[in-house]
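Every number in this text was worked out from the coordinates using simple rules, so none of it is lab data. Quick caveat, the model's predicted, so the values are computed rather than measured. Cβ placement follows ideal geometry from the backbone for every residue including glycine, while neighbour counts extend to all protein chains displayed.
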Amino acid sequence: MPALPLPALHASHAGTWLRQPNGAENATRPVAKGEAVMAAADTPLLLINAPLLATRLGYPDLSGLDLLELYAFVHPARFVVPTPKGLAHALGLTEPASDDEVPALLQQAAGTLLETCESADWAEREGAWSILQPLTRMRWPWAGILAPHIARPDRAERWLFSRLPEWEDAPERPQPAQVLMDELEVEARLEHLTGEGAEKREGQQAYAREAAHVFAPRQTSKRPHVLLAQAGTGVGKTLGYLAPASLWAEKAQGTVWVSTYTKNLQRQLRRESARAWGARRADGTKPVVVRKGRENYLCLLNLEDALQGGFGGRAAVLAQLVARWAAYTTDGDMIGGDLPGWLGTLFRKRGITSLTDQRGECVYAGCPHYRKCFIERAARDSAQADLVIANHALVMINAARGRDHAQRPTRIVFDEGHHVFEAADSTFAAAFTGMEAIELRRWILGPERGSKGRRRGLSARLADVASYDEVSSRCVTEACEAAEALPTGGWLQRLADGTPAGPVEEILAVVRTTTYARDESGGQEMGYGIETEAAQLEGNFVQLAGQAQSALAAIRSPLIRLGVQLEAMVENAPDWLDAQGRARIEGVRHSLAWRIETLAAWEALLDRMGGPADPDFVDWLAVDRSEAREYDIGIHRRFLDPMKPFSQTVLEGAHGVMLTSATLSERGEDGIEWGTAIARSGVTHIDVSPRLSSAESPFDYASNAEVLIVTDVKKGDLPGLAGAYARIIEASGGGVLGLFTAIRRLRAVHGRIADRLARNGLPLFAQHVDPIDTGTLVDIFRDDPRASLLGSDALRDGVDVPGTSLRCVVMEQVPWPKPSILHRARRAAQGGSAYDDRIIRARLAQAFGRLIRSKDDTGHFIVLSPAFPSRLLNAFPEGTPVIRLPLEDALHRVALGVSGQGANSPAPLAGASKEG
């Protein structure tokens, strides 16, 4: 099909180009931003990624015919990098060589997508005509253009809710057999997974043999086999532990849980596991299942509400495109699954999150789509799976709430094991805040008058039950009356005005007052949250805490009695309890237990106020702010050592646990030091001696990488910092990952250098600047070797960009720990400055790990820090050259690497000093 004859617009930091629909050679011309805005306002233009284009043009209200929206309609659940180059590759078109060729590509891409709609082999045809009808009524810009190309089907289409299959209950898997695996079996399985004829790697074989030990029968109750296994980048640890895991699952007929910290590794594991297990068993069930928290999945009831008028304007269009995707998705995962990450940013992220499962909304068996629910299907599939790929938090939550035997992990591999401590820290935390309290109120009482949504309170959910059962009715009434003490809408403004309402708002008000009174920033940090110790509190504070505690206890008590009554009702169902009533009861019971646990944690936290310090906990008061705006206030509690509850809830119930990572332990003067890794594994709390294993990376860091410590970019010199980043990116020709410890500096540097780099054909993208989700930013970066990416902590770990797309990592300074109250307490308990150094070395090692991802990778790791401490240098792999030098010399070495002379030149340049 010929190119679509409509005008097209493209803008980058290098300029703006407009193409007329006639297709002549001179149809594309550069235009000023003002003219581009006028053209876009006058008539719909073809464009790609409207939010990003709007940012480039400084015109927030920009709209038009976005090719990404058309792609999402034509090819739902199919991956594409949301750039002109990515679109060209996905559609088999010629990649544009320069910015001025992009408008012509957009016309070609639109024509190709419309041609697909007329093709007899269009794989995603079913449902397209049906969804196009409401989109036409909504005046979606593409609807009128698509209509002539999508024929009305001869018979009614099976649409979303009729097309989705129902899950089926299955009997619980029997207890796994107690089996032993010999080394030859494990090696044979590893050879099968790596492929016949593949090069045997001794380190990977040894690693797989060690991993097999965690699957041996447990000898003592509450004493699992524990393995701490460090595996350098390139060892092949994923297949190394999947080999014994798949062998054990086959022989024992049991389930292995592999836990990750990042979604990127989950996607990798899904691909790698296909080598050990097919997509389906002979009976149609899945041997491998990805599990995430409920908030990641599409809620079909939320979607139905949105499609029936719950969404308006652009959000209504989003709901239709999500419905189109839902009919083709693998598992309904909206966050990191096969829903394009860029789709939410085209329509504002809130639209996506409002379609996922929200806390307190799920009615479980009372939902008309319960038997087709993606969340319930994943839970049931995982109970029958050989391998469950989950995240650290979900594994800990399942272990902590291990009422369901089928969902309790007993053989666990914690990949990215260096993050288990952080995950446990968050999972076992308590936070009594205004936002959490108002959420509890809405769950008990229902939505406030005038608010939208289908959420209902306890009275509405249990109306039929309460009408028959006097005890349940009385419990619900008492809980609702007591919940009136919780905050209502507008609570933040009342606290700011000094007019709190009720005992909970009163304690939050004094938390706010105390925190501001003790703030020592002098008002210089208005954009950031502030905190203070929950110590040396005045009598009024303690009194108000006691009143709030009593108010919470008055809520918890009837909820406990209600839970007991509902449990008895299900076990001994009365004659009047029909299937619908039973479904409602089951739905409430799911949420009731953890609400009661939350209330108990809040009461314990308030009871601590004014009393002696508990050595196991760290408590503090906080006012959370963003861009100088308060958004939450409360009291927080963390375990001083979160591995204590981790050991009790996860380790004691497990039979075998493996923690593995490339940065699990530290490198000392006499080799690997395991002390910190052992302490941060939790084994010391259950008196288990872990097995220790280390496999060195096969990469030649001495020849392929250099660490350059630049000594003449002064701390606090923002123009100098920006100039250094620009010159490094220019010397490298792109391919730079810039890591920042402060978002404010990231934004400032990007604003100073993006236009300059774009004029040289070097695209620059940035977290917290570009309206693109982090996963998509990494996809864009990976896809374009001349692009560079600036980011914060989220990019320091879990980003896998092998090859020439990433050839230089730049850190703006030493990644010092944030001096929070929690950090201060742990620092005092774990060695003072030595504790800080361990954190910094771990962050440096994780950041360096982004650089060399395959044996052919080369590159430079640059730290712009004149005073980089020598004691931190052992964060880098042994043998890696470390050179202190001025910026000019660093640029010369980077340019040498790009020119093909390798990461290293033969010797340090004049004026440089070499370490390591």
Open item on the list: In the chain, if the dipole is taken from +1 on Lys/Arg beta carbons and -1 on Asp/Glu beta carbons about the Cα centre, which of Gly309, Thr353, Leu52 is farthest to the positive end?
Closed with: Gly309
Open item on the list: To the nearest 20 Debye, how big is the dipole of the stretch 216-276 about its Cα centre, given +1 on the beta carbon of each Lys and Arg and -1 on that of each Asp and Glu?
Closed with: 160
Task: Global geometry of the stretch 68-184, whether rounded, prolate or oblate, following the gyration tensor of its Cα atoms and the 1.5 cut on a/c - done: oblate
- [ ] Please report the relative contact order for the stretch 182-309, taking Cα pairs under 8 Å with a sequence separation of at least 6, and give it as a percent rounded to a whole number.
- [x] 22
- [ ] Please give the peptides 147-159, 603-615, 722-734 ranked by average Cβ packing (other Cβ atoms within 10 Å per residue), highest first, as a rough proxy for protection.
- [x] 722-734, 603-615, 147-159
TODO: Counting only C-alpha contacts under 8 Å and six or more residues apart, can you give the relative contact order of the stretch 481-554 as a whole percent?
DONE: 35
Open item on the list: Under the rule of at least 5 residues apart or a separate chain, name every residue whose amide H is placed under 5 Å from the amide H of Val290.
Closed with: Ile389
Open item on the list: Using amide H atoms built in the peptide plane, which far-off residues or other-chain residues are under 5 Å from Val226 H to H?
Closed with: Val657, Arg691
Task: Shape category assigned to the stretch 318-448 from the gyration tensor of Cα positions, a/c cut at 1.5 - done: rounded
Task: Three principal axis lengths of the stretch 431-639 [C-alpha, angstrom, descending] - done: 67, 40, 25
TODO: Give me Leu65, Leu47, Leu599 ranked fewest to most by other Cβ atoms within 10 Å of their Cβ, as a rough exposure proxy.
DONE: Leu599, Leu65, Leu47
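For the stretch 422-516, compute the orientation-averaged projected area of the C-alpha convex hull (one quarter of its surface), in nm².
Its Cα hull, projected and averaged over all orientations, spans 8.6 nm².
Mind ranking 805-816, 475-486 by how tightly packed they are, going by the mean number of other C-beta atoms within 10 angstrom, highest first?
Highest-to-lowest ranking by the protection proxy: 805-816, 475-486.
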Open item on the list: Restricting to Cα atoms and excluding each atom paired with itself, what does the Kirkwood estimate give for the stretch 142-233 in Å?
Closed with: 19.5
TODO: Can you put Lys237, Lys714, Lys85 in order of Cβ neighbours within 10 angstrom, beginning with the fewest?
DONE: Lys714, Lys85, Lys237
TODO: Please report, in Å, the Rg and the Dmax of the chain, where both are computed over Cα atoms only.
DONE: 29.0, 91
Task: Simple spin-label estimate for Arg561 and Ala679 in nanometres, 7 Å along Cα-Cβ - done: 4.8
TODO: Return the calculated 222 nm mean residue ellipticity for the chain, to the nearest 500 deg cm²/dmol, obtained by summing -39500 (n - 2.57) across DSSP H runs with n ≥ 4 and dividing by the residue count.
DONE: -12500 deg cm²/dmol
TODO: Place a +1 charge on the Cβ of each Lys and Arg in the chain and a -1 charge on the Cβ of each Asp and Glu, then give the dipole magnitude about the Cα centre in debye, rounded to the nearest 20.
DONE: 600
TODO: Report Rg/Rh for the stretch 296-385, rounded to two decimals, where Rg is the Cα radius of gyration and Rh the Kirkwood radius.
DONE: 0.96
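Provide Lys715, Lys292, Lys200 in ascending order of the number of other Cβ atoms located within 10 Å of each residue's Cβ, fewest first.
Lys200, Lys715, Lys292
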Task: Descending Cα extents along the principal axes, the stretch 23-98, whole Å - done: 35, 30, 19
- [ ] Taking just the C-alpha trace of the stretch 537-648, give me its Rg and Dmax in Å.
- [x] 19.0, 58
TODO: Please name whichever of Ser689, Ile560, Ala41 sits farthest to the positive end of the charge dipole of the chain, dipole taken about the Cα centre and charges placed at Cβ: Lys and Arg +1, Asp and Glu -1.
DONE: Ala41
Task: Alpha-carbon spread of the stretch 690-762, three principal axes, descending order, Å - done: 51, 27, 22
- [ ] For Ile633, list long-range residues whose amide hydrogen, built 1.01 Å from N in the peptide plane, is under 5 Å from its own amide hydrogen.
- [x] Gly434, Met435, Asp624
- [ ] Determine the relative contact order of the chain: mean sequence separation of Cα pairs under 8 Å and six or more apart, normalised by residue count, in whole percent.
- [x] 14
Task: Residue-by-residue Karplus 3J(HN,Hα) for the stretch 299-307, coefficients 6.51, -1.76, 1.60, Hz, glycine and proline x - done: 8, 5, 6, 4, 5, 4, 4, 5, 5
Task: Sorted peptide list for 533-545, 317-329, criterion being average Cβ within 10 angstrom, highest first - done: 317-329, 533-545
Task: P(r) histogram, all alpha-carbon pairs of the stretch 8-157 included - 10 Å bins from 0, percent - done: 11, 40, 34, 14, 2, 0
Task: When the stretch 701-915 is reduced to its Cα atoms, the Kirkwood hydrodynamic radius in Å - done: 17.4
